[in-house]
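Here the structure is laid out as structure tokens; the discussion comes afterwards.
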Amino acid sequence: MKKFLSTGFLFLFFIPILSAQRPQKPTASELYHTLQKLNFLGSALYIAAHPDDENTRLISFLANDVHARTAYLSLTRGDGGQNLIGPEIRELLGVIRTQELVAARKTDGGQQLFTRANDFGYSKHPDETLAIWNKEEVLGDVVRAIRKFKPDVIVNRFNHRDPGSTHGHHTSSAMLSFEAFDLVGDASHYPETANEFNSWQPKRLFFNTSWWFYGGREAFEKADKTNLVEVETGNYYPSLGLSNGEIASLSRSMHKSQGFGSTGSRGSQTEYLEFLKGDFPEDKTDLFSGINTTWSRLEGGAAIGKILDQLEANFNFKDPSVMVPKLVEAYSLLKASKDSHWRTIKLKELEQFILDCGGIFLEAVSETNSINPNGSYKATLEVINRGTNQVVLESIETGTGRSLISERKTLKSNEVENFEVQISSEKNNPSTPYWLNEKGTLGMYKAPRELIGLPETPAPEQVVFTIKIGNTPMSIKRDVVYKFNDPVDGEVYRPFEILPEVTSSIPEKVLIFSTEKSKQIPVIIRAGREKVSGTVQLNHPQGWTVSPAQHTFELPNTGEEKTLIFTVTPPKNTSEGYLKPQVQVGDRYYTKELIQIDYDHIPFQNVLLPSEAKVARITIEKKGQHIGYIEGAGDAIPESLKQIGYTVTTIAPQDIKAENLKKYDAIVIGIRAYNTVPELAFKQTDLNKYVENGGTLLLQYNTSHRLVTENFAPYAIKLSRDRVTDEFSEVRLLDPQHPVLNSPNKITKTDFENWVQERGLYFPNEWDKNFTPILGMNDTGASESTGSLLIANYGKGHYIYTGLSFFRELPAGVPGAYRLFANLLSIGK
């Protein structure tokens, strides 16, 4: 997998450690910053629709300048976007973008929350968005998030008053937040979450506006700003050695799958927030003006605040451990105080702060990276007191309360204590992103009630260390982790997980049968434990035949794989369905595939999804055989073309030379190639020459933003943001007699049935007269767009530009998309 430089380690102390993350080891200056946050009892919630919608500059300001407890509520996980770093789309892209958001919050100091809304793709109006999402359920999730997090201040990224002017998801996020603000304080609305978290009324709601929302800087300068709050977000933090703008850029750059790398900025920067509801702040430069954010907010908290304020004023940078006795005193007062929202939050923060100041390290490491449900594992429990304070280890237990170490032990300064233990798990639910456990709807994921809103599935196993500092006991939970030594990277952490004893997969997720000829289909069986054996059968649609009826297998080692071959024969007529491996081990059946996602900027991810492959018997004719493919931002088009019999060769940018291209019957350029491949700025002459000499060049969609060259065609063509998001919208054949609609396959309106997510995106809206538009389409209420498929004769060949979403349709096995793509490659043959 592609490697990425991660800078998030600078801010590990900002939020609770998540599964598979390195343990926090903050410096003295970072501890000082943490104490400042410990002394602020106020919360802010930022709300938008997708990963990368958030304003990292404002989130960093709230977390690091104001020192507020800050979270970003992203209504979706970004499943409907594009992926610039790999082939993953839909659910798997959602997993990647979820982790990128978690990494961004680790960097800017915030926390990450979600609803169950599914990013189904671009939406032009909130009415469509809220109908597909199920408004009442998503609104309930927003209400739940507010009641659970209890923010004093809520900030919307988008304007709730301009439906239809931007992405429907964006406007919907603001509309739901605006409505939720009036509901969360009334327990009669969504009473189940009011009963669980109590009702809550935030103090004020803002819209994070800017000159962009006013139509330009000049219009913004002239606008009435009476209702606006201005905050300075360009400050420099000496204890961190970074400006707020630099932290924000590091956070923004975590959105690597979206290509949002950002250069750090320094100097003064102003953010504007329009007041929408609640109490208008007395001080227009302070979002928390008039809100008690001191320890006196907590009953009995004044004494705690007095201790911590003195420690902050006289912070010992040379040896923070000298503060531990006073910190423990504050901890005892807090623990004895009346149970409340802030008590729970600050106890957890203060526990970790005491450990960090005292140099106390606690860790539970499994010998293996995974076990089966209700399995057992060996673990090493490490305890060390690297400070000078008296620390006694009282006990170590599992998360369910079973004793692992019961003997009391005084921890001598800087002497490590390791305990080797055998732990039997009581968990039987496999580890996977919890929102993917059950099949949801187009607009909503399903999730267990207790997990709704969490960024990821909690670690399956925990260990509880009970220590006593002085006379004060503390019980500290640690997730069980797995780590190993890599020859290059050194110490590497990975999740400890519960996985099935066997999984199966079909490598090709779409199998196209263009004739009645049988195909040999491999099924890969993977062992999740030692000495696993059983049988495998391949369930199939009616009318298809599979032989043999079943295979037997035996795998002696964990992680070992075996490939079994089934012969699959399609019916004579058009047919679609799914092949689904079913593995039997003893009296248990297994139907899941294990998918592993490994990028350096996010934790290693194991994902369990239903094991299946779509099969389609499609009558496809094609002309030509050898296709050259120039990769763009990443898609599965080459694999899809191989499915229907093409020979596909990847062409490296440096090999794009006129003499090298002659051997190809057609050349396909991947999505967003002119946005992501710098070399293409200098290769258009060779590509045009290829077309002029009789070749067919098919260019898939690009965006007008950050084109490496405007001259990506032999004739003038201008890209726009036009798109058709309704995959069921009518498609009109503008030139029914055009060869591309008639040879070698007759294309009719039925070929545009069962498309997925959208028709297409970023269509050109202006083009040279030499281009012929082939298709017309539009979303409901929109004017017709004719730029989805343009074809021009150039010399002896053909140049094709298309914004149709073939990169989604071919991997989804849409028959009509394959037939049309084959015609595009066959033109002129």
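Applying a threshold of 7 Å to beta carbon distances and a minimum spacing of six or more residues, or different chains, the list of pairs starting in the range 428-451 at a residue that is farther than 19 Å from G528 by Cβ and ending at one that is small (G, A, S) and surrounded by fewer than 20 Cβ atoms within 10 Å (Cβ to Cβ) reads K446/G440.
Would you be able to tell me the number of residues in the range 543-573 that are of a type in the set (S, T, Y) and not in a strand (DSSP E or B)? Talk me through it step by step, then tell me what you get.
Within the range 543-573, the first condition is being of a type in the set (S, T, Y), and the residues that meet it are 545, 547, 552, 558, 563, 567, 569.
With the extra rule that they be not in a strand (DSSP E or B), the set shrinks to 558.
Counting residues in the range 543-573 that are of a type in the set (S, T, Y) and not in a strand (DSSP E or B) gives 1.
Number of residues in the range 351-387 that are in a helix (DSSP H, G or I), surrounded by fewer than 21 Cβ atoms within 10 Å (Cβ to Cβ) and either at positive phi or of a type outside the set (D, E, K, R) (or both) equals 1.
Mind checking which residues of the range 315-350 are within 27 Å of K148 (Cβ to Cβ), acidic (D, E) and assigned to a helix (DSSP H, G or I)?
First, pick out the residues of the range 315-350 that are within 27 Å of K148 (Cβ to Cβ): 330-331, 333-350.
Next cut, acidic (D, E) only: 339, 349.
The answer is E349, and nothing else.
Residues in the range 393-403 that are surrounded by fewer than 17 Cβ atoms within 10 Å (Cβ to Cβ) and either under 37 Å from the mean Cα position of the chain (by Cα) or within 16 Å of S321 (Cβ to Cβ) (or both): T400, G401, R402.
Residue-by-condition table, conditions (1) of a type outside the set (A, V, I, L, M); (2) part of a helix (DSSP H, G or I); (3) buried (at least 17 other Cβ atoms within 10 Å of the Cβ):
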| position | (1), (2), (3) |
| --- | --- |
| Y664 | yes, no, yes |
| I667 | no, no, yes |
| N675 | yes, yes, yes |
| L680 | no, yes, yes |
| T685 | yes, yes, no |
| V691 | no, yes, yes |
| L698 | no, no, yes |
| S704 | yes, no, no |
| F712 | yes, no, yes |
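For the range 294-314, name all the residues that are part of a loop (DSSP other than H, G, I, E, B) and surrounded by fewer than 17 Cβ atoms within 10 Å (Cβ to Cβ). Lay out the reasoning, then the answer.
Narrowing the range 294-314 to residues part of a loop (DSSP other than H, G, I, E, B): 294, 298-300, 314.
Of everything in the range 294-314, those that are part of a loop (DSSP other than H, G, I, E, B) and surrounded by fewer than 17 Cβ atoms within 10 Å (Cβ to Cβ) turn out to be T294, E299, G300, N314.
Somewhere in the range 442-463, is a residue in contact with a Gly (Cβ under 6 Å, 6 or more places away or on another chain), part of a loop (DSSP other than H, G, I, E, B) and within 30 Å of L139 (Cβ to Cβ)?
First, the residues of the range 442-463 that are in contact with a Gly (Cβ under 6 Å, 6 or more places away or on another chain): 446, 462.
Now restrict to residues that are part of a loop (DSSP other than H, G, I, E, B): 446.
The next check asks that each one be within 30 Å of L139 (Cβ to Cβ); those that pass are 446.
Yes, the range 442-463 contains at least one residue that is in contact with a Gly (Cβ under 6 Å, 6 or more places away or on another chain), part of a loop (DSSP other than H, G, I, E, B) and within 30 Å of L139 (Cβ to Cβ).
Only residues that are assigned to a strand (DSSP E or B) and not charged (D, E, K, R) were counted in the range 753-812, giving 27. Listed by first and then second residue, the pairs linking a residue in the range 696-721 that is within 21 Å of L661 (Cα to Cα) to a residue that is exposed (fewer than 14 other Cβ atoms within 10 Å of the Cβ), with Cβ atoms under 6 Å apart and 6 or more places separating them unless they lie on different chains, are Y715/D768. For beta carbons closer than 7 Å, sequence separation of 6+ or different chains, a first residue in the range 394-413 that is free of Cβ contacts under 8 Å to residues at least 12 places away in the same chain and a second that is among the acidic types (D, E), the qualifying pairs are S403/E397.
Would you confirm whether any residue within the range 247-254 is in contact with a helix residue (DSSP H, G or I) (Cβ under 7 Å, 6 or more places away or on another chain), over 24 Å from Y32 (Cβ atoms) and part of a helix (DSSP H, G or I)? Yes, there is a match, as at least one residue in the range 247-254 is in contact with a helix residue (DSSP H, G or I) (Cβ under 7 Å, 6 or more places away or on another chain), over 24 Å from Y32 (Cβ atoms) and part of a helix (DSSP H, G or I). When G632 is tested against (1) over 29 Å from the mean Cα position of the chain (by Cα); (2) touching a residue at least 60 places away in the same chain (Cβ under 8 Å); (3) assigned to a loop (DSSP other than H, G, I, E, B); (4) over 30 Å from Q582 (Cα atoms), just one condition goes unmet, and that condition is (1). Residue count for the range 105-124, restricted to those that are in a helix (DSSP H, G or I) and β-branched (V, I, T): 1. Restrict the check to the range 466-477 and report whether at least one residue is assigned to a strand (DSSP E or B), free of Cβ contacts under 8 Å to residues at least 12 places away in the same chain, under 30 Å from L333 (Cβ atoms) and not aromatic (F, W, Y). Yes, the conditions are met somewhere in the range 466-477. If you go through the range 506-523 and keep only what is part of a strand (DSSP E or B) and surrounded by fewer than 21 Cβ atoms within 10 Å (Cβ to Cβ), you end up with V510, L511, K519, Q520, P522. Total residues in the range 578-612 satisfying the condition of being in a loop (DSSP other than H, G, I, E, B) and either touching a residue at least 24 places away in the same chain (Cβ under 8 Å) or buried (at least 20 other Cβ atoms within 10 Å of the Cβ) (or both): the figure is 11. Set side by side, the residues R97, R77 differ, and just one is within 16 Å of H601 (Cα to Cα) and surrounded by 24 or more Cβ atoms within 10 Å (Cβ to Cβ), which is R97. Could you check how many residues of the range 795-817 are under 21 Å from L687 (Cα atoms), surrounded by fewer than 24 Cβ atoms within 10 Å (Cβ to Cβ) and of a type in the set (G, A, S)? Qualifying residue count, the range 795-817: 2.
Taken over the range 525-565, the residue count meeting the criterion of being of a type in the set (G, A, S), surrounded by 13 or more Cβ atoms within 10 Å (Cβ to Cβ) and within 32 Å of the chain's Cα centre (by Cα) is 2.
Go through the residues of the range 188-199 one by one and say whether even a single one is within 27 Å of the chain's Cα centre (by Cα) and closer than 16 Å to F275 by Cβ. No; the residues of the range 188-199 include none that is within 27 Å of the chain's Cα centre (by Cα) and closer than 16 Å to F275 by Cβ.
Where a number appears in this text, it was derived from the coordinates with a stated rule and is not lab data. Note that the structure is predicted; figures quoted are calculated from it, not measured. We place every Cβ from the backbone using ideal geometry, glycine too, and count neighbours over all the protein chains shown.
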